[in-house]
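What follows is a short report on a single structure.
The values are calculated or read from the model by the stated rules, or taken from the named source; none is laboratory data. Fair warning: this is a prediction, and the values are worked out from it, not measured in the lab. As a convention, Cβ positions derive from the backbone with ideal geometry for all residues, glycine included, and neighbour counts pool all protein chains shown.
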Amino acid sequence: MNNQKFAPLQIVIILLTVATAAIHLALGVPNGLPMFILNGIGYLVLVAALYLPQLRSYQTYVRWALILYTAVTIIGWVAIGARSAIGYTDKLIEVALIACLFIEGRK
């Protein structure tokens, strides 16, 4: 059995990713918005792939995929998203996520 321990930065990345996924799912599921639902699921899949020991050799690529995925989400919100408190909060979470992913990638 693999006893993988997470560093504090990895825990922050996981929490930020789960937070933005939860926001997208909470908005998408009750309102029947497939783009929000798929976005939330995509975040969860990517963060799981980022730290799965079996995918360790692909970690750099998965990290870049998560950075780009998050950036595209922000761009999409800027283009067509609703300007609301939850929208701005989520974008702050996503910007922090990108920053943390960059920092982790430089280590």
Given the conditions (1) basic (Lys, Arg); (2) in contact (Cβ under 8 Å) with a residue 40 or more places away in the chain; (3) farther than 23 Å from residue 45 by Cβ, report the number of the one that residue 106 does not fulfil.
-> (2)
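Name the residue, out of 47, 18, that is assigned to a helix (DSSP H, G or I), of a type in the set (Val, Ile, Thr), surrounded by fewer than 18 Cβ atoms within 10 Å (Cβ to Cβ) and modelled with pLDDT of 95 or more. I'd like the intermediate steps shown before the answer.
Numbers: 47 fails: surrounded by fewer than 18 Cβ atoms within 10 Å (Cβ to Cβ).
Only one candidate passes the filter, namely 18.
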Just checking, which of 55, 66 is surrounded by 17 or more Cβ atoms within 10 Å (Cβ to Cβ) and of a type in the set (A, V, I, L, M, F, W, C)?
-> 66
Segment 69-107 - residue that is charged (D, E, K, R), over 15 Å from residue 24 (Cα atoms) and touching a helix residue (DSSP H, G or I) at 6+ places or on another chain (Cβ under 9 Å) and, of those, surrounded by the fewest Cβ atoms within 10 Å (Cβ to Cβ) = 107
Can you pull out the residues in segment 93-107 that are more than 12 Å from the chain's Cα centre (by Cα) and assigned to a helix (DSSP H, G or I)?
-> 102, 103, 104, 105, 106
